[in-house]
Amino acid sequence: MARAKFTREIRDVAKGWRWGRRTMTPRSALDSTPPPKIWSYPTDWARTAAGRAVRDVILDAALKPIIWNETTPEVFGLDNLEGVKGPVMFISNHSSHLDASIILTTLPHSWREKTATAAAKDYFFDVWWRSAFTALVYAGFPVERGAGEKATSKAKELIGEGWNIIVFPEGTRSTDGWLQRFRHGTSRLALDMRMPVVPIAIVGAYAAMPKGRSWPRKGRPPIRVRYGRPIVPREGETHQQLSLRMQQGVGELFDEDRTSWWEAARRAAKDETPSLAGPVGPGWLRTWEGSRPIRRRGKPPTWR
Amino acid sequence: MARPGFVLEVDERTPPLLVHQGEGFRLQKFPLGSRVIYPPDSLPRLRGLRNHIRHALDHPHGSEPLKELLTPGMRLTIAIDDISIPLPPMQTPDIRQLVLEEVIELAAREGVEDIKLYMANSLHRRMTADEIKHAVGERVFRSFYPKDLKNHDAEDPDNLAYVGKTDRGEEVEINKRAMESDLLIYVNINLVAMDGGHKSVPVGLASYRSVKHHHNVETMLHSKSYMDPRPGRSAIHDSCKRMGDLLKSNGLKVFTIETTVNNNTFPDPFGFMNKREWEWSLLEQGTYLAAKKANDMGPSAMKHQIWTRIKAPYGVTGINAGETETVHEQTLAKLHQQQLVEVNGQSDVMVVGIPYLTPYNVNSILNPILVHCMGLGYLFNMYRNKPVVRPGGAMIMFHPVPNEFHQVHHPSYVDFFEEVLSQTTDPSTIESKYEERYATDPWYIHLYRKSYAYHGVHPFYMWYWGAHALDYLGDVIIVGGDPKTCERLGYRSASSFRDALEMAGETVGRSPSISYFHVPPLAIADVR
């Protein structure tokens with residue numbers, strides 16, 4: 001009896017325990033609660049030779065088998081990377097926690113070993129264990145959202161050292177599966193560093209594991225990853241223009257997935273690539289359409 | 001800058017919240033949408049206190065500097081707030097000690113020889129020598145106790161002076177020595193808005209003959225609330241002001257020194273009680289668990305000892321001296337800065353946890369009548385404008401309400417509980433039928449004067465403090481309260497908070513709005 005009571009006490013106390021610095025402040029107290037102290041978790045160790053070796057093992061022996069077992073990924077367009085000289089910036093739509101894992105597990109080994117992932121400091125680097133996980137598995141480095149120039153300083157340092165970086169220009173996962181506005185920090189960085197930008201479209205990740213889920217849906221949902229041709233910043237191009245081209249690059253890949261490479265290319269030439277902003281209408285409609293399961297390719301399975 | 005108080009709305013992110021329940025505490029989950037009224041964070045303490053005290057004495061409000069009021073050959077009396085404030089008692093040095101040392105130093109330098117000090121305990125129990133020493137410090141204690149440093153005796157006819165009647169017919173009778181002095185200095189700690197101002201001298205140094213004019217049911221019913229001493233809001237303060245004015249017009253010169261403290265109520269390891277639950281660190285959560293476990297398992301005598309020994313690490317936030325009313329305005333402004341919380345509208349249910357301590361059980365036992373006084377008296381009245389709970393609403397309190405009394409401190413309480421409350425809980429009936437007999441009972445008077453007992457009439461006043469709430473509320477439920485004791489008090493007891501809400505549903509409906517008044521540390525709800 002006494003033990004049960006004490007266990008209940010521990011459980012009650014644990015409800016206030018948020019694994020360290022990730023606070024779960026009641027909403028009405030957000031304005032009056034000081035923000036958690038920002039601290040910088042070191043990540044350089046994860047990009048050393050030893051860190052890369054451990055990452056290879058984790059990605060190849062654990063993460064990839066899990067993703068390939070729980071979902072049905074297909075990869076297209078890796079040939080676009082042939083002949084490209086790094087470092088490059090990989091950009092993709094972002095609607096699921098699967099995105100970074102899928103990119104890293106589909107990239108050729110020669111590219112992956114020198115690729116780091118930009119991750120939001122306030123989410124992925126708030127607690128030591130999450131920081132260590134992000135740094136080790138994704139070669140993650142912290143980006144402070146909304147911090148302007150300061151936010152990209154680490155990225156510039158890594159690019160200077162020859163690292164490719166994965167960036168999700170939307171800044172956060174989409175809540176309805178549709179593409180959000182690209183933040184200009186990404187295009188500014190690409191312009192500053194004069195680096196090629198490789199667009200990637202990840203189709204089906206939202207349907208497989210949307211925001212709020214920690215494991216893919218049952219039924220091995222299909223996910224298709226399409227790598228596009230590198231977009232090279234032009235002379236005199238503004239960051240707004242480059243950002244628009246980046247967005248179009250991802251849009252073309254979605255169009256290609258929906259129809260065919262040829263049709264998508266023709267529409268792109270006429271500047272008629274369909275928008276990825278989603279349908280206009282109530283919130284539920286956007287979510288409804290965004291979460292529509294994508295078409296499976298090939299013969300349907302005999303046994304379900 | 002300290003964060004202001006605020007009203008939390010419980011959502012799914014809100015952890016269970018700390019609730020006091022006598023010599024214990026618990027984490028309690030509240031229904032979604034409940035409001036929780038949190039006091040402001042602790043204001044920063046004043047550094048270099050002695051300099052601040054000297055500055056206050058040299059630059060008083062509405063008065064000449066104290067130095068100019070002190071002359072050789074004068075009769076100087078110093079009255080000091082008694083053990084009922086602050087709560088818990090302050091860690092040494094108590095601010096009263098620091099103020100007294102500066103005042104007496106000044107008096108010595110100015111050649112004052114005739115100095116008497118009185119603990120202004122009114123009808124409260126006498127303070128023991130150790131308790132006085134804790135409040136005034138060893139140096140003052142050694143210099144003046146027991147000959148010139150005493151407890152005020154409200155039943156000593158030789159040492160009381162009848163001053164006269166106010167225009168409302170209120171008789172004023174106070175300590176004779178104070179009345180006949182050339183200067184009366186009052187040293188106060190203003191823990192809540194009810195204290196201080198004209199409530200210091202006309203109450204602290206008065207006799208039953210005088211106190212009964214404002215400590216009665218009629219006055220309490222018209223004090224809405226007595227934590228809001230603005231003219232016209234609190235009948236008790238209006239009465240005290242009339243008495244203060246009468247004393248002044250009869251030649252009593254009072255130099256008031258008022259101090260305020262911050263909300264730093266609990267020392268380590270109980271520091272987590274000063275903080276909002278979602279801001280507890282891992283260490284504080286561990287401390288909570290360890291303290292809770294130790295408290296639950298420990299023998300009640302040991303538990304009582306530990307709680308009794310808690311001394312608050314209060315920081316002083318303000319020292320003002322001079323003319324009583326001007327000083328008190330400054331004091332209230334600082335107090336409100338520390339305690340006032342804006343609350344939007346009333347609720348159907350008000351929830352409070354009754355802590356282990358009230359003004360009348362320091363080094364003593366929190367008996368059932370004091371539970372009533374703390375809950376329906378003080379905590380219910382910690383508001384300005386309107387009560388936190390709507391008229392006819394329910395009040396849910398957390399306390400075990402054991403049938404326990406301190407036989408030395410509260411002898412008349414025992415009889416009040418057994419004889420009076422067994423007949424009626426109606427304050428007016430109690431007042432008319434029983435008060436006079438208890439107030440004039442020679443045995444109680446003897447115990448008050450010679451032992452350490454509260455005055456025979458004191459339990460009546462405790463009951464009257466709750467008169468407004470009793471008149472206003474539709475239901476009072478005590479979670480975890482002893483059923484028999486609660487029944488005697490006229491309350492209902494519930495075994496759990498969920499049961500209490502279920503029971504309150506009979507009065508306030510099935511989906512009541514709930515406000516949890518999260519004290520201590522103390523707050524005043526400014527209900528709009």
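The values are calculated or read from the model by the stated rules, or taken from the named source; none is laboratory data. Everything numeric here is computed off the predicted structure, so don't read it as measured data. Note that we place each Cβ from the backbone using ideal geometry, even for glycine, and neighbour counts take in every protein chain shown. Side chains included, ligands, DNA and RNA excluded: accessible areas come from the protein's heavy atoms. Shrake-Rupley method; radii C 1.70, N 1.55, O 1.52, S 1.80 Å.
Numerical summary
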item: So B:Thr77, is it among the polar types (S, T, N, Q), within 30 Å of B:Ile174 (Cα to Cα), more than 14 Å from chain A (Cβ to nearest Cβ) and in contact with a Ser or Thr (Cβ under 8 Å, 6 or more places away or on another chain); result: yes
item: Residue that is over 30 Å from B:Asp471 (Cβ atoms), without any contact (Cβ under 8 Å) to a residue 24 or more places away in the chain and surrounded by fewer than 19 Cβ atoms within 10 Å (Cβ to Cβ), where the choices are B:Gly232, B:Gly286; result: B:Gly286
item: Unique residue being under 30 Å from A:Gly283 (Cβ atoms), of a type in the set (A, V, I, L, M) and not in a loop (DSSP other than H, G, I, E, B) when the list is A:Ala151, A:Ala155; result: A:Ala151
item: Any hit, region A:204-220, residues being touching a helix residue (DSSP H, G or I) at 6+ places or on another chain (Cβ under 7 Å), surrounded by fewer than 21 Cβ atoms within 10 Å (Cβ to Cβ) and on the phi < 0 side of the Ramachandran plot; result: yes
item: Filter result for B:Glu173 (of a type outside the set (Gly, Ala, Ser) and surrounded by fewer than 16 Cβ atoms within 10 Å (Cβ to Cβ)); result: no
item: Residues within region B:140-150 that are without any contact (Cβ under 8 Å) to a residue 40 or more places away in the chain and either within 27 Å of the chain's Cα centre (by Cα) or open to solvent by less than 40 Å² (accessible area, probe 1.4 Å) (or both), tallied; result: 7
item: Unique match (being over 23 Å from the mean Cα position of the chain (by Cα), at pLDDT 95 or above and hydroxyl-bearing (Ser, Thr, Tyr)) among B:Thr166, B:Thr128; result: B:Thr166
item: Failed criterion for A:Val75 (all others in (1) in contact with a helix residue (DSSP H, G or I) (Cβ under 7 Å, 6 or more places away or on another chain); (2) open to solvent by 30 Å² or more (accessible area, probe 1.4 Å); (3) under 13 Å from A:Pro216 (Cβ atoms) hold); result: (3)
item: So A:Thr152, is it buried (at least 19 other Cβ atoms within 10 Å of the Cβ) and closer than 20 Å to A:Arg55 by Cβ; result: no
item: Some residue of region B:236-250 being within 27 Å of B:Tyr314 (Cα to Cα) and open to solvent by 10 Å² or more (accessible area, probe 1.4 Å); result: yes
item: Exclusive hit being in contact (Cβ under 8 Å) with a residue 40 or more places away in the chain and on the phi > 0 side of the Ramachandran plot, set B:Gly474, B:Gly490; result: B:Gly490
item: Output for region B:22-54, where each listed residue is touching a residue at least 60 places away in the same chain (Cβ under 8 Å) and either under 14 Å from B:Ile319 (Cα atoms) or more than 14 Å from every other protein chain (Cβ to nearest Cβ) (or both); result: B:Gly22, B:Glu23, B:Ser42, B:Leu43, B:Pro44, B:Arg45, B:Leu46, B:Leu49, B:His52, B:Ile53
item: Among residues of region B:178-202, those that are in a loop (DSSP other than H, G, I, E, B) and within 17 Å of B:Val261 (Cβ to Cβ), counted; result: 8
item: Test: B:Ser412 is among the small types (Gly, Ala, Ser), buried (at least 21 other Cβ atoms within 10 Å of the Cβ) and either under 22 Å from B:Asn216 (Cβ atoms) or at pLDDT below 95 (or both); result: yes
item: In region A:173-205, the residues that are out of contact with any strand residue (DSSP E or B) (no Cβ under 7 Å at 6 or more places or on another chain) and assigned to a loop (DSSP other than H, G, I, E, B); result: A:Arg173, A:Ser174, A:Thr175, A:Asp176, A:Gly177, A:Trp178, A:Leu179, A:Gln180, A:Arg181, A:Phe182, A:Arg183, A:Arg194
item: Some residue of region B:111-119 being under 18 Å from B:Gly197 (Cα atoms), open to solvent by less than 10 Å² (accessible area, probe 1.4 Å) and either assigned to a loop (DSSP other than H, G, I, E, B) or of a type in the set (Gly, Ala, Ser) (or both); result: no
item: A:Asp122 vs. criteria closer than 27 Å to A:Gly251 by Cα, open to solvent by 40 Å² or more (accessible area, probe 1.4 Å) and not in a loop (DSSP other than H, G, I, E, B); result: no
item: Test set (1) at the interface with another protein chain (Cβ under 10 Å from one of its Cβ atoms); (2) crowded, with 21+ Cβ neighbours inside 10 Å; (3) in a strand (DSSP E or B) - B:Thr14 fails condition number; result: (3)
item: Matching residues in region B:263-283 - criterion: being more than 14 Å from every other protein chain (Cβ to nearest Cβ), more than 18 Å from B:Ile306 (Cβ to Cβ) and open to solvent by 20 Å² or more (accessible area, probe 1.4 Å); result: B:Asn264
item: Out of B:Gly480, B:Gly466, sole residue that is under 28 Å from the mean Cα position of the chain (by Cα) and on the phi > 0 side of the Ramachandran plot; result: B:Gly480
item: Residue that is farthest from B:Pro15 (Cα to Cα), among those in region B:296-324 that are part of a helix (DSSP H, G or I) and either within 11 Å of another protein chain (Cβ to nearest Cβ) or modelled with pLDDT of 95 or more (or both); result: B:Thr324
item: Residues that are touching a strand residue (DSSP E or B) at 6+ places or on another chain (Cβ under 8 Å) and open to solvent by 10 Å² or more (accessible area, probe 1.4 Å), drawn from region B:123-138; result: B:Arg126
item: Elements of type helices (runs of 4 or more DSSP H) contained in region B:414-519, each with 1 or more residues being aromatic (Phe, Trp, Tyr); result: B:436-440, B:442-450, B:458-465, B:467-472, B:497-508
item: Selection status of B:Pro4, within 11 Å of chain A (Cβ to nearest Cβ) and either within 27 Å of B:Arg384 (Cβ to Cβ) or among the hydrophobic types (A, V, I, L, M, F, W, C) (or both); result: yes
item: Residue in region B:94-104 that is aliphatic (A, V, I, L, M), surrounded by fewer than 19 Cβ atoms within 10 Å (Cβ to Cβ), under 20 Å from B:Tyr314 (Cβ atoms) and more than 21 Å from the chain's Cα centre (by Cα) present; result: no
item: Lone qualifier among B:Tyr491, B:Tyr464, B:Tyr516 - being surrounded by 17 or more Cβ atoms within 10 Å (Cβ to Cβ) and farther than 17 Å from B:Gln21 by Cβ; result: B:Tyr464
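Listed here are the residues, each with its yes/no results for (1) over 19 Å from B:Glu12 (Cβ atoms); (2) at pLDDT below 70; (3) more than 7 Å from every other protein chain (Cβ to nearest Cβ).
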position: A:Ala2; (1), (2), (3): yes, yes, yes
position: A:Lys5; (1), (2), (3): yes, no, yes
position: A:Asp12; (1), (2), (3): no, no, no
position: A:Arg27; (1), (2), (3): no, no, no
position: A:Pro36; (1), (2), (3): yes, yes, yes
position: A:Tyr41; (1), (2), (3): yes, no, yes
